[in-house]
Amino acid sequence: MTDPIVRIEGVAKRYGAVTAVDGVDLEIARGELFALLGGSGCGKTTLLRAIAGLETPDSGRILIDGQDMTGVPAHKRPVNMMFQSYALFPHMDVAANVGYGLRREGRPKPEVARRVAEALALVKLEALGDRKPSQLSGGQRQRVALARALVKQPKLLLLDEPLAALDRKLREGTRFELVRLQEQLGLTFVVVTHDQEEAMSMATRLAVMNAGRIVQTGTPHELYEHPATRFVADFIGVANIFETAPGRWLALRPEKIALSAERPHTAHTATGKVADVAYEGDRSLYRVATHSHGTMLVSTANVHRTRDGAFRRGDTVWLGWSDTSGQVLDA
């Protein structure tokens, strides 16, 4: 990667006996939307806070735009951070919240007014500048927090679980808004999330973290189609993972398996009985108890239906997949 805007070299952070971040090396390219993905306690938020200057690493260093940030306080870094709680001032109206950082810097009032108006227009809240946070919906408060982060024109915008407080439908729409803004502004966004669907739909690249370490980095397509370890295969999407030989594991996505009443003409087959069917609107997931590979999940994308409709619990079925359908994993 040429000229990364963020370079993390051997960063570690401990809290007593607990190692939150364990020797992380990472580069983030200029102008990309990068996601740090992992479960609770994996170290992703600690790493984000270290980039922001809110945590001091015990070892290693962080460079932003080629400058070593060791010893540089948070307020002097070319970074702004949007917190999960949004942290809006309840006694200030929207415009005052957005312009707070500029006023603290002593910017002239005309400049503050102009930049606040531009930031509110970016997030489509230009008509709500005189409202208090209590008068806004959750989605509107989220956009105010985003405008406040953008108004200072940082080189790097850090977002900690930015959609966690929104309901599902609003989260889905806001994902596209964040991607649109990032592309429009050309800024580098680093997003922390535990939601793999959120990361996969937004990020140009992502890093999966576990136990303070980065397990795998790549595009959403690379991590879904070519997981390197059992942890990544199981964490990203849904996968059937089974041992094909001593010490050799295979990850097989549910949509890569054909399900039929007759034995399919594929390189690999298994037979079993339908244990459960989960209807999910645009698809159904079948849980099949096989004789040779344990319980496997199959999506309706490759179901060859019986004459009277879908398979039911207790039906005997065949599963089939090709040599190229699965991904060999490290332990």
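List, in the order given, every pair from Lys109/Lys155; Lys76/Lys152; Lys124/Lys155; Lys124/Lys152 whose Cα-Cα distance in the structure shown is over 19 Å.
Listed pairs above 19 Å: Lys109/Lys155; Lys124/Lys155.
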Exercise. Using 1/(1 + (r/R0)^6) with R0 = 35 angstrom and r between the beta carbons of Thr219 and Gln184, what's the FRET efficiency to the nearest 0.05?
Worked result: 0.95
Exercise. Between Asp22 and Ser40, what is the label-to-label distance in nm when each label sits 7 Å out along the Cα-to-Cβ direction?
Worked result: 2.0
Problem set entry | Proxy reagent accessibility, fewest Cβ within 10 Å first, across Thr266, Thr324 | Thr324, Thr266
Exercise. Quick one: putting +1 on the C-beta of Lys and Arg, -1 on the C-beta of Asp and Glu, what dipole do you get for the chain around its Cα centre, in Debye to the nearest 20?
Worked result: 880
Seminar exercise, completed: With Lys109 itself left out, Lys, Arg at +1 and Asp, Glu at -1 over residues whose Cβ is under 12 Å from its Cβ give +3
Exercise. List the GluC sites (Glu not before Pro) in the stretch 223-313 that DSSP assigns to loop (not H, G, I, E or B) and whose Cβ has at most 15 other Cβ atoms within 10 Å. Which are they?
Worked result: Glu262, Glu280
Exercise. Full extension from Arg313 to Ala29: what is 0.36 nm times the residue separation minus their Cα-Cα distance, to one decimal in nm?
Worked result: 97.3 nm
Problem set entry | Fully extended contour minus Cα-Cα distance, from Ala113 to Glu126, at 0.36 nm per residue | 3.5 nm
Problem set entry | Alpha carbon centroid spacing (whole Å) that separates the stretch 24-39 from the stretch 268-284 | 35
For this session: Return P(r) of the chain (all Cα-Cα pairs; 10 Å bins starting at 0; whole %; ordered from short to long distances).
Result: 5, 22, 26, 21, 15, 9, 3, 0
For this session: At most 11 other Cβ atoms within 10 Å and a DSSP loop assignment: could you name the GluC sites (Glu not before Pro) in the stretch 41-141 that fit?
Result: Glu105
Problem set entry | Rel. contact order, % - alpha carbon contacts under 8 angstrom, at least six apart, the stretch 240-329 | 42
Problem set entry | Simple label model, 7 Å out from Cα along Cβ direction - Thr70 to Glu9, nm | 0.9
Exercise. What ranking of Ser134, Ser299, Ser322 emerges when the number of other C-beta atoms within 10 Å of each C-beta is taken as an exposure proxy, fewest first?
Worked result: Ser134, Ser322, Ser299
Exercise. According to a simple spin-label model (label point 7 Å from Cα along Cα-to-Cβ), what is the distance in nm between Thr244 and Asp93?
Worked result: 6.5
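A short reminder: the numbers here are calculations on the coordinates, not readings from a lab. Quick caveat, the model's predicted, so the values are computed rather than measured. Every residue, glycine among them, receives a Cβ derived from its backbone with ideal geometry; neighbour counts consider all protein chains shown.
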